[in-house]
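The values are calculated or read from the model by the stated rules, or taken from the named source; none is laboratory data. The model shown is predicted, which means the values in this text are computed figures rather than measured ones. Reconstructed Cβ throughout: ideal geometry from the backbone, glycine too, with neighbour counts over all protein chains shown. Accessible surface areas use protein heavy atoms only, side chains included; no ligands, DNA or RNA. Shrake-Rupley method; radii C 1.70, N 1.55, O 1.52, S 1.80 Å.
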Amino acid sequence: MSIVVLAGGVGGAKFAYGVMRALSDPADLTVIVNVGDDFEHFGLKICPDLDTVCYTLAELENPATGWGRRGESWRVMEAVRALGGPAWFRLGDLDLATHLERTRRLRAGQPLSRITADFCRAWGVRARVLPVSDQPIPTMVLTDEGELPFQEYFVRRGWQPRVRGFRFVGVESAAPAPGALAALREAEAVLIAPSNPFVSIDPILAVPGVRQAMQGKPVAAISPIIGGQAVKGPAAKMFRELGTPPTAHAVAVHYRGLATHFVLDAQDQGQQAAVEALGMLTLVTDTLMTTPQKRVTLANRVLEWLKHNS
Ligand code: GDP
Ligand code: CA
């Protein structure tokens, strides 16, 4: 069963890990990852969502944070701080090796998708991880205080400014990474991970050709909003600031016309009929992935359900 998961960072990575473990062959999974958070720092190319997905699939991730590497040390950052350098974006010593080697290869003219594939091989990841595009598509956040580059908004300002909208710079002319559209077209189902709809999933869907490649096949979205709250991060705050109460139903409305299937948490069972009224099939289950086993259980439920309902 070939499956594509669309993913951002932590929420996306946890779900993608569950799907990888639920499939009998991990090579049947392609994860298409947001690149809107990518930026340059200290002259290095940083790809936070891509690295979170790869580290998680490789079981190298820091279980406490969900991002970065386990067993990480911070000697370089401390030395940078002692020099008065910027320490607002934390780069661990092991993580820095990824950024150094990726930047070196990008400068040598290699595409991000190939570098990512090689890194995954080195880390023992058998699923395929693809940046949605080899071109940078930086997300700009339109706020009350003007337009902010994504990491300025997210990390430096701790997602405090009120959002009014988003812009994915250059997306109109971005080409999907080699193999991305073919993976979508050949997939038996596409799963939209419980990632942030506005800044993790929309930048993937905005790449020309992606939505079209998903037409006519089962597309199941898992709600990142549970009981009116985001499990982590600004998704609920963003819904509110854009004028919509944050609910699983609001997430379903966001994916209307694209998702054929929608997964709500058991806490949100009361919204099931309203989501079905949007024309989607629904599954109500426990969607909180607090342990690796729960990721696999959720993925298994979703895959079994799709098998019998699509
Ligand atoms: P980021 O790029 O690291 O911010 O991560 P994502 O966009 O992939 O994921 C952030 C979203 O994941 C947030 O909106 C969370 O509510 C959601 N999320 C995180 N953990 C879980 C979980 O265990 N279950 C569900 N349903 N959503 C989750
Ligand atoms: Ca992210």
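Kindly indicate which of Gly11, Gly18 is within 16 Å of ligand 2 (Cβ to nearest atom) and of a type outside the set (A, V, I, L, M, F, W, C). Show your work before the answer.
Numbers: Gly18 fails: within 16 Å of ligand 2 (Cβ to nearest atom).
One residue alone meets the criteria, Gly11.
Of all the residues in the stretch 227-243, those that are assigned to a loop (DSSP other than H, G, I, E, B) and open to solvent by 10 Å² or more (accessible area, probe 1.4 Å) number 7. Every condition in (1) modelled with pLDDT of 95 or more; (2) in a loop (DSSP other than H, G, I, E, B); (3) surrounded by fewer than 17 Cβ atoms within 10 Å (Cβ to Cβ); (4) not aromatic (Phe, Trp, Tyr) is met by Arg90 except one, and the failing one is (1).
Checking the condition out of contact with any His (no Cβ under 8 Å at 6 or more places or on another chain), surrounded by 15 or more Cβ atoms within 10 Å (Cβ to Cβ) and more than 24 Å from Val4 (Cβ to Cβ), which residue from Pro194, Pro246 passes?
Details: Pro194 fails: more than 24 Å from Val4 (Cβ to Cβ).
From the options Pro194, Pro246, the qualifying one is Pro246.
Exactly one of these conditions fails for Ala250: (1) over 12 Å from Pro197 (Cα atoms); (2) among the small types (Gly, Ala, Ser); (3) within 13 Å of ligand 1 (Cβ to nearest atom). Give me its number. That leaves (1) as the condition not met.
Table: residues versus (1) within 13 Å of ligand 1 (Cβ to nearest atom); (2) surrounded by 15 or more Cβ atoms within 10 Å (Cβ to Cβ).
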{"position": "Thr30", "(1), (2)": "no, yes"}
{"position": "Val35", "(1), (2)": "yes, yes"}
{"position": "Glu40", "(1), (2)": "no, no"}
{"position": "Thr52", "(1), (2)": "yes, yes"}
{"position": "Ala64", "(1), (2)": "no, no"}
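Out of the residues in the stretch 204-216 that are open to solvent by 30 Å² or more (accessible area, probe 1.4 Å) and over 23 Å from Arg162 (Cα atoms), which is farthest from ligand 2 (Cβ to nearest atom)?
Gly216
Of all the numbered requirements in (1) open to solvent by 10 Å² or more (accessible area, probe 1.4 Å); (2) more than 16 Å from ligand 2 (Cβ to nearest atom), Phe166 misses one, and that requirement is (2).
The single condition among (1) more than 25 Å from Pro176 (Cα to Cα); (2) surrounded by fewer than 18 Cβ atoms within 10 Å (Cβ to Cβ); (3) among the basic types (Lys, Arg) that Arg105 does not satisfy is (1).
Could you grab me the full set of residues in the stretch 271-293 that are outside any strand (DSSP E or B) and without any contact (Cβ under 8 Å) to a residue 24 or more places away in the chain? Walk me through how you get there before you give the answer.
Let us first name the residues in the stretch 271-293 that are outside any strand (DSSP E or B), namely 271-280, 286-293.
Scanning the stretch 271-293 gives Gln272, Ala273, Glu276, Ala277, Gly279, Asp286, Thr290, Thr291, Gln293.
Being touching a Leu at 6+ places or on another chain (Cβ under 9 Å), free of Cβ contacts under 8 Å to residues at least 40 places away in the same chain and within 15 Å of ligand 2 (Cβ to nearest atom) is the requirement here; does Phe198 meet it? Taking the combined requirement at face value, the residue does not satisfy it.
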